[in-house]
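J.: Okay, handing you the structure first.
The values are calculated or read from the model by the stated rules, or taken from the named source; none is laboratory data. Since we're looking at a predicted model, the values are computed, not measured. With ideal geometry, Cβ positions are generated from the backbone for all residues, glycine too; neighbour counts draw on all protein chains shown.
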Amino acid sequence: MAYTLNVDVEAFRDSPVGELVPITGEDARSSRRYDHYAFVPAPLPKTVNLNQRTYKLLSEADRALGALNARILLLPNPGLLVRPALTKEAVATSALEGTFAPLSEVLEAEYVDERKQSAEVREVQNYIRAAQRGLKLIEELPICVRLIAELQRMLVLRTRGDMYDAGQLRQRQVCIGDRGQGIEDARFVPPPPGELLEHGVRDWETWLNADDDLPLLVKAALSHYQFEALHPFSDGNGRIGRLIITLQLMVAGALEHPILNLSPWLEPRRPAYLDHLLRVSQTGDFDPWVSFFAEAVAARADAAATTIVHLLEVRQTFQDRLRQDGAKGMVLDLAGNLIGYPVLDVQDAVRLHGVTYPAANAAIAKLVKLGILREVTGRPYGRLFACDEVYGVIARY
């Protein structure tokens with residue numbers, strides 16, 4: 001994460017949730033020797049003091065999350081919504097780290113030769129692949145260092161973060177601050193590599209998987225803080241940390257499908273988000289951060305529910321229009337599946353519906369004729385088709 005404020009080391013001196021340790025070395029950013037301090041967070045608590053307003057916000061977030069999950073379970077094919085939801089999260093979580101890629105380009109990226117993709121689009125695509133892998137891995141593994149290390153390696157593959165220690169706990173000192181600033185000017189310096197970091201990550205893993213009485217959203221909020229404070233990898237900690245939230249909710253059964261995406265809410269509130277995490281380290285007061293986190297969950301659960309309603313309305317409109325035109329069978333099915341495939345090619349239709357290429361091509365031609373799909377490549381081969389109405393809903397919420 002790139003912070004914009006420098007904070008004096010003294011702000012962490014009396015922290016009740018961690019300690020400062022001296023560090024020395026050569027700063028890779030400035031090639032200067034440094035004598036400074038790193039903050040080592042203490043193990044997370046088994047209980048946490050929260051005020052009544054925060055408990056109210058947590059209750060509202062729980063209700064919104066439950067309502068979203070109930071709505072998802074009523075859908076005939078909820079898996080259709082996973083693809084656009086992950087894509088929306090990928091774009092926003094990457095933007096939080098300074099990597100910006102248009103949603104439309106990311107949706108089209110899987111149909112474009114990687115060599116022709118921008119570096120930004122490749123990074124966002126990496127997040128989608130890592131998230132999909134994470135959803136598979138939690139069927140077999142708890143959320144653990146082995147799991148997140150594999151996801152981090154996938155996330156940074158062939159990017160500027162693909163360093164010698166990719167896929168493992170970092171082996172060098174990092175700092176959190178503006179690009180080009182040295183460690184002594186950083187806003188936050190996480191634990192040094194080696195024993196302190198390894199112990200911290202092991203404690204975090206044990207705490208995360210322990211059976212305790214902490215409410216799920218409180219546990220997710222505290223876990224996220226600790227992960228970011230430890231900063232266990234050389235790159236990608238913010239994106240992996242936010243992905244872990246989704247995986248936690250999935251493992252706990254609070255979400256049947258990864259439809260909730262928090263980053264579109266956090267991105268426009270980035271300074272507040274980063275400040276809340278920093279102030280926990282300085283003050284030991286988790287309450288403001290948990291309150292902020294609960295607001296994010298409630299807002300995005302409501303937005304996801306609204307997205308589902310509007311996507312279903314769009315699908316119904318398509319099918320009504322087709323029936324009025326006398327369409328039936330595979331064309332209706334294809335139109336129904338556009339809520340999960342706002343961009344597709346003929347081969348997608350073949351694979352999704354188990355039909356021949358000519359049949360899929362004819363169905364797409366029908367949807368183009370009725371204005372439901374639009375051809376976007378302008379060429380006779382390797383054509384791509386976009387559904388503007390579905391894309392509009394996904395981009396709006």
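J.: Check off (1) part of a loop (DSSP other than H, G, I, E, B); (2) assigned by TED's automatic domain parsing to the domain that holds residue 217 for residue 275 and give me the number that stays unchecked.
T.: Unmet for residue 275, out of (1) part of a loop (DSSP other than H, G, I, E, B); (2) assigned by TED's automatic domain parsing to the domain that holds residue 217: (1).
Okay, residues lined up against (1) more than 30 Å from residue 55 (Cα to Cα); (2) surrounded by 14 or more Cβ atoms within 10 Å (Cβ to Cβ); (3) modelled with pLDDT of 95 or more:
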{"residue": "108", "(1), (2), (3)": "yes, yes, no"}
{"residue": "123", "(1), (2), (3)": "yes, yes, yes"}
{"residue": "165", "(1), (2), (3)": "yes, yes, yes"}
{"residue": "184", "(1), (2), (3)": "yes, yes, no"}
{"residue": "206", "(1), (2), (3)": "no, no, yes"}
{"residue": "217", "(1), (2), (3)": "no, yes, yes"}
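J.: If you go through the stretch 362-391 one residue at a time, how many are surrounded by 17 or more Cβ atoms within 10 Å (Cβ to Cβ) and assigned to a helix (DSSP H, G or I)?
T.: Within the stretch 362-391, residues that are surrounded by 17 or more Cβ atoms within 10 Å (Cβ to Cβ) and assigned to a helix (DSSP H, G or I) number 7.
J.: Given the residues 245, 240, which is the only one that is assigned to a helix (DSSP H, G or I), at pLDDT 95 or above and under 21 Å from residue 66 (Cα atoms)?
T.: 245
J.: Any residue that is touching a residue at least 60 places away in the same chain (Cβ under 8 Å), part of a loop (DSSP other than H, G, I, E, B) and of a type in the set (A, V, I, L, M) - is there at least one of those in the stretch 319-333?
T.: No, the conditions are met nowhere in the stretch 319-333.
J.: Does residue 88 satisfy the condition of being of a type in the set (Lys, Arg), under 19 Å from residue 395 (Cα atoms) and in contact (Cβ under 8 Å) with a residue 24 or more places away in the chain?
T.: yes
J.: Checking residue 36 against (1) of a type outside the set (A, V, I, L, M); (2) assigned to a strand (DSSP E or B); (3) more than 28 Å from residue 161 (Cβ to Cβ), which test does it fail?
T.: Condition (3) is where residue 36 drops out.
J.: Please pick out the residue among 338, 344, 278 that is touching a residue at least 40 places away in the same chain (Cβ under 8 Å), in contact with a strand residue (DSSP E or B) (Cβ under 9 Å, 6 or more places away or on another chain) and either of a type in the set (Val, Ile, Thr) or within 30 Å of residue 40 (Cα to Cα) (or both).
T.: Only one candidate qualifies: 278.
J.: Which numbered condition trips up residue 69, out of (1) more than 18 Å from residue 284 (Cβ to Cβ); (2) surrounded by fewer than 16 Cβ atoms within 10 Å (Cβ to Cβ); (3) within 29 Å of the chain's Cα centre (by Cα)?
T.: Going through the list (1) more than 18 Å from residue 284 (Cβ to Cβ); (2) surrounded by fewer than 16 Cβ atoms within 10 Å (Cβ to Cβ); (3) within 29 Å of the chain's Cα centre (by Cα), residue 69 breaks only (2).
J.: For the stretch 94-102, indicate whether the set of residues that are over 25 Å from residue 234 (Cα atoms) and in contact with a helix residue (DSSP H, G or I) (Cβ under 9 Å, 6 or more places away or on another chain) is non-empty.
T.: Yes: one or more hits.
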